Amino acid sequence: RFTRYTAEAHGLGSNRILHILEDRTSGLWLATFYGGVTYFNPDSQTVTVYNTENSGLGDDYTRVVYQDLTGNLWIGTDSGVDLFDPRSERFTNFKHDVSDTNSLSKGFVHSIIQTGDSAIWIGTTGGLNRFDPATGRFIHYSTHNGLPNNEIKCIVEDDDGSIWVSTNKGISRFDRESGTFKNYDISDG
């Protein structure tokens, strides 16, 4: 049986859900279109909305939610990425700053993953970003480093530890040891 949940009847941040994450406690995190992030607790059947009005969330247009190995949530938005600690319910915002070359490359975040070496990778409209937790800085990879396009839609890690990204001009394999990209497009079959 399917139970219908709507913003009006159940307090969801928005009826337009762009991404769903099931966390390690079986809770559901919903990235919404201009409604922030909604948390649904299946045990208590309660809904909690985190938005720019009631929390430290940096932008209400949320696109993706990812849970890292420590249990923290990474929330990709139209203006950056937010790190949420569910234990303290505190947000840390990371945004693109044109005067800081170590900030996020662009604000529009499409994808987030954590690789086997615990690195956090973030795909934006400004390329691929690797977050350094020790410094709070981002390392950027873009067309200047060999990507065919800076619009990173999806990121995955393969069994060999290589990073694959999808772009508006094909897919690319990033070899972390050599720091090089191998690009594939429609001409590669």
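Summary of computed values
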read-out	value
Pairs where the first residue, in the range 1-21, is farther than 20 Å from Asn54 by Cα and the second is modelled with pLDDT of 85 or more and basic (Lys, Arg), C-beta under 7 Å, 6+ apart	Leu18/Arg63; His19/Arg63
Residues that are part of a loop (DSSP other than H, G, I, E, B) and free of Cβ contacts under 8 Å to residues at least 40 places away in the same chain, drawn from the range 152-166	Asp158, Asp159, Asp160, Ser162
Inter-residue pairs, beta-carbon under 7 Å, first closer than 20 Å to Asp60 by Cα and in the range 31-46, second among the polar types (S, T, N, Q) and modelled with pLDDT under 90, 6+ apart	Thr32/Ser14; Phe33/Ser14; Tyr34/Ser14; Gly35/Ser14
Subset tally (residues that are over 17 Å from Arg137 (Cα atoms), small (Gly, Ala, Ser) and touching a strand residue (DSSP E or B) at 6+ places or on another chain (Cβ under 7 Å)) for the range 76-120	2
Conditions (1) free of Cβ contacts under 8 Å to residues at least 12 places away in the same chain; (2) within 17 Å of Asp23 (Cα to Cα): number failed by Val65	(1)
Some residue of the range 167-177 being touching a residue at least 24 places away in the same chain (Cβ under 8 Å), surrounded by 14 or more Cβ atoms within 10 Å (Cβ to Cβ), under 17 Å from the mean Cα position of the chain (by Cα) and closer than 20 Å to Val64 by Cα	no
Those residues of the range 1-41 which are modelled with pLDDT of 95 or more, of a type in the set (Ser, Thr, Tyr) and at positive phi, in sequence order	Ser26
Residue within the range 176-186 that is in contact with a Pro (Cβ under 9 Å, 6 or more places away or on another chain) and among the small types (Gly, Ala, Ser) present	no
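Rundown of residues vs (1) at pLDDT 95 or above; (2) of a type outside the set (A, V, I, L, M); (3) in contact with a His (Cβ under 7 Å, 6 or more places away or on another chain); (4) over 22 Å from Gly161 (Cβ atoms), yes/no style:
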{"position": "Lys95", "(1), (2), (3), (4)": "yes, yes, no, yes"}
{"position": "Ser99", "(1), (2), (3), (4)": "yes, yes, no, yes"}
{"position": "Leu104", "(1), (2), (3), (4)": "yes, no, yes, yes"}
{"position": "Ile112", "(1), (2), (3), (4)": "yes, no, no, no"}
{"position": "Gly116", "(1), (2), (3), (4)": "no, yes, no, no"}
{"position": "Trp121", "(1), (2), (3), (4)": "yes, yes, no, no"}
{"position": "Phe131", "(1), (2), (3), (4)": "yes, yes, no, no"}
{"position": "Gly136", "(1), (2), (3), (4)": "no, yes, no, yes"}
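The values are calculated or read from the model by the stated rules, or taken from the named source; none is laboratory data. Keep in mind the model is a prediction, meaning the values are calculated, not measured. Positions of Cβ are generated from backbone atoms using ideal geometry, with glycine treated the same way; all protein chains shown enter the neighbour counts.
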